[in-house]
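Read through the structure below, which is laid out as C-alpha cells, and then see the notes.
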Amino acid sequence: NNNPMNDEAILKKMIKSKSKRFILTSPDGLEMCVHNLAEFCRQNNLSNSNLCSVAKGTLKSYKNWTCKQVS
C-alpha cells in the first residue's frame, strides 16, 4: 500500500498543520493571510528570514512588505 499520491497528501497536511499563519501587507497595501511563510517567500522571491524578522519586530519592513504572526 505504498501510494505516492497519498504520501504526498499526508506530507502536505502535516506541513500545513505545523505552519504558522501570518498577515502580510504588500508594498501596494494588499493584505493577505499566509499559512506557510517559507513557501510564500520562495514563490515571491523574498527572504523568509527577513520577513520573520519583521514579524518578530526586529525589522520594521522588508522590501516595503510588513508581516505579523497571527497563530
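Counting heavy atoms of the protein chains alone, Ile10 has an accessible area of about 80 Å² for a 1.4 Å probe. Segment Ser26..Thr58, full-extension length gain: 9.7 nm, with 0.36 nm per residue of separation and the alpha-carbon distance subtracted. Sorting 46-54, 59-67 by their mean Cβ neighbour count within 10 Å, with the most densely packed peptide first, gives 46-54, 59-67.
The values are calculated or read from the model by the stated rules, or taken from the named source; none is laboratory data. Bear in mind the structure is a predicted one, so any value in this text is a computation, not a measurement. Please note: Cβ atoms are built from the backbone with ideal geometry, for glycine as well, and neighbour counts cover all protein chains shown. To get the accessible areas, we keep the full protein, side chains included, count just its heavy atoms, and leave off ligands, DNA and RNA. Shrake-Rupley method; radii C 1.70, N 1.55, O 1.52, S 1.80 Å.
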